[in-house]
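Reviewing the structure listed below.
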Amino acid sequence: MVDETDYIVVTDDELEQDSKGELIKLAGRLRDRRNELNQLAAKRASKRDELNEKTRECVDQAQYHREKRDELNTLVQAHKEQRNKLNEKANELYERVEEKKTDLELDEGPDLDKLTEDIEALEFKQQTSVLSAEDERALIEQIEDKREEYRERKRKLEETGDIDEYVERAEQVRDEASKHHDKVTTLADKAQNHHNEMISAYRDADDIRSDADDMHEQFVVAQEAADHHHEEFVRVQKRLRELDKEEEQERRAERDEAREKARAEAEEIYQKFKEGETLDTEDLMKLQKTGLL
């Protein structure tokens, strides 16, 4: 693992005082360090981008579940409204039934079976008991009252056909409301599942985004270190170019000095030649090189 804090720092004194060979080695170290840090920064940038892509995928997934949840909640609300309307309608029908019963007084007094039992008991008493004339007349009146009550009760019950229709219709409406209620329950459960998935996806996105932010910070550290070493490398390269220029100037000065010296010597030989002195081969070559011959 590269330690980004292990910086190579080049001082001005090193630039001015180190030899060319030392500076070339230093430039090599800086170049290698820069390249190493650039590779590390690139890896971290790639990892950061990968994490950011996963974050976007989680956010997209969360958004998908959000949309599904909202669609289902819309359906839940629609079925709730239908359920409530149907329940209200069923309640109205049951109220009509109760009103009808109240109008017909069906909730008051015994039912037909009870009246039949009462009549049969009174008739049995009349047939098996020894009664005075007055008691028997009272018993006969009582039996007749029961029979009249039975007839009246039966007549009222025969008039309750529309009540049965109301009850049947109310039960049908209530059954339809129950179906909508079942839909509400089923859809609400699905909506809750999508809500839970949405929350989970957002949490995953937050966790991965945090990792991506950490990786970006590590990328910045590595990139800044690479930039530092590049800048130092450029400084050393600049100094090396200056040294190359200085060496070239020195070589040029030496060449100029050598040419001047050779020309002065050639002119001296030429002067001797004009004065009639004999020249050897080496002298002749010196004159040819300077163009005096």
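The values are calculated or read from the model by the stated rules, or taken from the named source; none is laboratory data. Everything quoted here is computed from the prediction, not taken from an experiment. Cβ coordinates were reconstructed from backbone atoms using ideal geometry, including for glycine residues, and neighbour counts include every protein chain displayed.
Please go through segment 189-198 and pick out each residue that is exposed (fewer than 14 other Cβ atoms within 10 Å of the Cβ) and within 14 Å of the chain's Cα centre (by Cα).
Asn196
Could you count how many residues in segment 122-137 are surrounded by fewer than 12 Cβ atoms within 10 Å (Cβ to Cβ) and part of a helix (DSSP H, G or I)?
Total meeting the criteria: 6.
Quick check on my filter: what residues within segment 228-270 are surrounded by 11 or more Cβ atoms within 10 Å (Cβ to Cβ), among the polar types (S, T, N, Q) and over 58 Å from the mean Cα position of the chain (by Cα)?
Once the filter is applied, which keeps residues that are surrounded by 11 or more Cβ atoms within 10 Å (Cβ to Cβ), among the polar types (S, T, N, Q) and over 58 Å from the mean Cα position of the chain (by Cα), segment 228-270 yields nothing.
Picking from Glu16, Glu50, which residue would you name as being in a helix (DSSP H, G or I) and within 27 Å of Ala212 (Cβ to Cβ)?
Exactly one of Glu16, Glu50 is in a helix (DSSP H, G or I) and within 27 Å of Ala212 (Cβ to Cβ), namely Glu50.
Return the pair list, or none, for Cβ contacts closer than 8 Å from residues in segment 194-211 that are touching a residue at least 60 places away in the same chain (Cβ under 8 Å) to residues that are part of a helix (DSSP H, G or I) and among the hydroxyl-bearing types (Ser, Thr, Tyr), at least 6 apart or on different chains.
Ala205/Thr55; Ile208/Thr55; Arg209/Thr55
Pick out the one residue from Glu141, Glu95, Glu168 that is surrounded by fewer than 11 Cβ atoms within 10 Å (Cβ to Cβ), modelled with pLDDT of 80 or more and part of a helix (DSSP H, G or I).
Of Glu141, Glu95, Glu168, the one residue that is surrounded by fewer than 11 Cβ atoms within 10 Å (Cβ to Cβ), modelled with pLDDT of 80 or more and part of a helix (DSSP H, G or I) is Glu141.
Being among the charged types (D, E, K, R), more than 25 Å from Glu14 (Cα to Cα) and out of contact with any helix residue (DSSP H, G or I) (no Cβ under 6 Å at 6 or more places or on another chain) is true for just one of Glu224, Glu265, Glu242. Which residue is that?
Sole residue among the options that is among the charged types (D, E, K, R), more than 25 Å from Glu14 (Cα to Cα) and out of contact with any helix residue (DSSP H, G or I) (no Cβ under 6 Å at 6 or more places or on another chain): Glu265.
Across segment 26-55, which residue is farthest from Glu217 (Cα to Cα) among those that are exposed (fewer than 13 other Cβ atoms within 10 Å of the Cβ) and of a type outside the set (Ser, Thr, Tyr)?
Taking the candidates together, the pick is Gly28.
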